[in-house]
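Scroll down for the structure; my scribbles are underneath it.
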Amino acid sequence: MKDWQAALVGPHTTILQALDVIDRAALRVAFVVDEERVLLGTITDGDVRRGLLAAVKLDAPVSSIMNDQPVIAEPFETPDTIRALMVSRSIHQIPLVDDRRRLIDVVVLEDLLQEPHTDQKVILMVGGLGLRLRPLTETTPKPMLEVGGKPVLQITIERLIGQGFKNFTLCVNYLASRIEDHFGDGSEFGASIDYVREADPLGTAGALRLLAAPPASPFIVMNGDILTTLNFRELLNFQLEHSAAATMAVRPYEMQIPFGVVTNDGPRVVSFSEKPIQSFFVNAGIYALDPSALNALPESGPCDMPTLFQRVSESGGTTVVFPLREYWLDVGRHDDIARANRDYLDVFSH
């Protein structure tokens, strides 16, 4: 039973403060209430990410992004009725309110389910050559380079196991035996690990064509050289909320133009901006896919993830982006390895 009272915030609480409440309360939601505990709305991780996509600042009040019409239940409703409502609406928590809409309890779906949820598959792409990390990668595959005394790939797998994921497929190519010998069938890590062996590099999506059987439910695909503190359940929940066939995690990236930029209308100067900073969302190498997305793979040859997303979209599937707010690092260069080792104790050792 989780302490729902630790997940209460006021309407003027900042989004950043609410994020801390969401993370600490372990309910994946914060409840916005007034002084008399009247429910004004809810805010979830997904609401925050949609706000980021809409350029809402983290110092804005939660009232600017909260859901002011959340699904609610009343105390007289039976557990079976509440469970059916939650399953039909794909929600994991539901507030119980009295006749004045005061929050009196919170029902958590996991407490009502008789059977545990089946873990989704996680597919890790670990076949790259790591050319930018030579000579380190001449005898060691890039995902097996150590950070904080552990291979990068082991850090990722252990974090995923800690979040409840148990079933992994590793897509290997370069120095595959080093990876297979270290992880084996996964039993030493409390997981099940199998392997897809690429005879030739097939890109970040092409190896999915070699799966022995397609996953039965939405699954995670991730580049094996990434370190992140992302809660991958939030990514899958976001995918479900948007009924998406394919979800791409993205992260903000800023670039300063080193010159003064002129905006013109024909020969007339409209405005002038000195060395402006432009912001973009860039691909973070982490994805959630519905099994139907595999139908968009080409029959042969390499295929990268952006191409797969384009093919899914062209075939009528919904593709969405999921903005990261968590720690993220692509361990692809020598200075990235140095930074990861500096960050390890603060970020990954607790």
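Among residues of the stretch 54-76 that are under 14 Å from Arg101 (Cα atoms) and open to solvent by less than 30 Å² (accessible area, probe 1.4 Å), those with a Cβ under 6 angstrom from a residue that is of a type in the set (Ser, Thr, Tyr) and outside any loop (DSSP other than H, G, I, E, B), sequence gap 6+ or separate chain, pair up as Pro70/Thr42.
When the stretch 11-30 is filtered for residues that are assigned to a loop (DSSP other than H, G, I, E, B) and either hydrophobic (A, V, I, L, M, F, W, C) or free of Cβ contacts under 8 Å to residues at least 40 places away in the same chain (or both), the ones remaining, listed by number, are Ala26, Leu27.
For Gln154, all conditions in the list (1) under 24 Å from Arg339 (Cβ atoms); (2) in contact with a Ser or Thr (Cβ under 8 Å, 6 or more places away or on another chain) hold save one; what is the number of the exception? Failing condition for Gln154: (2). Here the stretch 46-66 is the region considered, the condition is being within 21 Å of the chain's Cα centre (by Cα) and not in a loop (DSSP other than H, G, I, E, B), and the residue that is nearest to Leu324 (Cα to Cα) is Arg49. Find all pairs meeting these conditions: Cβ atoms under 6 angstrom apart; at least six residues apart or on different chains; first residue within the stretch 219-239 and farther than 19 Å from Asp47 by Cα; second residue open to solvent by 20 Å² or more (accessible area, probe 1.4 Å) and among the aliphatic types (A, V, I, L, M). Correct list of pairs: Asn223/Met125; Gly224/Met125. If we scan the stretch 255-272, do we find a residue that is at pLDDT below 90 and in contact with a Gly (Cβ under 8 Å, 6 or more places away or on another chain)? Checked the stretch 255-272: at least one residue is at pLDDT below 90 and in contact with a Gly (Cβ under 8 Å, 6 or more places away or on another chain). Only residues that are assigned to a loop (DSSP other than H, G, I, E, B), in contact with a helix residue (DSSP H, G or I) (Cβ under 6 Å, 6 or more places away or on another chain) and under 25 Å from Arg50 (Cβ atoms) were counted in the stretch 316-337, giving 1. Scanning the stretch 1-16 for residues that are open to solvent by 60 Å² or more (accessible area, probe 1.4 Å) and either closer than 11 Å to Val106 by Cβ or in contact with a strand residue (DSSP E or B) (Cβ under 7 Å, 6 or more places away or on another chain) (or both) turns up Met1, Lys2, Asp3, Gln5, His12. Kindly indicate whether Ile257 is touching a residue at least 12 places away in the same chain (Cβ under 8 Å), within 27 Å of Gly148 (Cβ to Cβ) and among the aliphatic types (A, V, I, L, M). In short, no.
Counted as qualifying within the stretch 159-271 are the helices (runs of 4 or more DSSP H) with 2 or more residues that are aromatic (Phe, Trp, Tyr) and under 30 Å from Leu52 (Cβ atoms), namely 232-241. Of the listed requirements (1) over 24 Å from Leu52 (Cα atoms); (2) touching a strand residue (DSSP E or B) at 6+ places or on another chain (Cβ under 7 Å); (3) outside any helix (DSSP H, G or I), Val312 misses just one: (3).
Rundown of residues vs (1) open to solvent by less than 40 Å² (accessible area, probe 1.4 Å); (2) among the hydrophobic types (A, V, I, L, M, F, W, C); (3) over 28 Å from Leu236 (Cα atoms), yes/no style:
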| site | (1), (2), (3) |
| --- | --- |
| Arg89 | no, no, no |
| Pro95 | yes, no, no |
| Arg100 | no, no, yes |
| Asp105 | no, no, no |
| Pro151 | yes, no, no |
| Gly164 | yes, no, no |
| Ile193 | yes, yes, no |
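Summed over the stretch 275-293, residues that are closer than 26 Å to Ile257 by Cβ, outside any strand (DSSP E or B) and open to solvent by less than 10 Å² (accessible area, probe 1.4 Å) total 0.
Thr139 meets the stated requirement of being in contact (Cβ under 8 Å) with a residue 12 or more places away in the chain, loosely packed, with under 15 Cβ neighbours inside 10 Å, over 29 Å from Pro252 (Cα atoms) and of a type in the set (Ser, Thr, Tyr).
Given the structure, is Gly332 modelled with pLDDT under 95 and touching a Lys or Arg at 6+ places or on another chain (Cβ under 8 Å)? So Gly332 fits the description; yes.
Checking Val126, Val172 one by one, the residue that is hydrophobic (A, V, I, L, M, F, W, C), open to solvent by less than 30 Å² (accessible area, probe 1.4 Å) and either out of contact with any Phe, Trp or Tyr (no Cβ under 6 Å at 6 or more places or on another chain) or closer than 19 Å to Thr228 by Cα (or both) is Val126 and no other. Scanning the stretch 149-164 turns up at least one residue that is more than 23 Å from the chain's Cα centre (by Cα) and either of a type outside the set (Lys, Arg) or at pLDDT 90 or above (or both). Is it true that Ser279 is in contact with a strand residue (DSSP E or B) (Cβ under 7 Å, 6 or more places away or on another chain), farther than 29 Å from Pro141 by Cα and of a type in the set (Gly, Ala, Ser)? When the stated conditions are applied, Ser279 passes them.
The values are calculated or read from the model by the stated rules, or taken from the named source; none is laboratory data. None of these values were measured; they are calculated from a predicted model. We place every Cβ from the backbone using ideal geometry, glycine too, and count neighbours over all the protein chains shown. Side chains included, ligands, DNA and RNA excluded: accessible areas come from the protein's heavy atoms. Shrake-Rupley method; radii C 1.70, N 1.55, O 1.52, S 1.80 Å.
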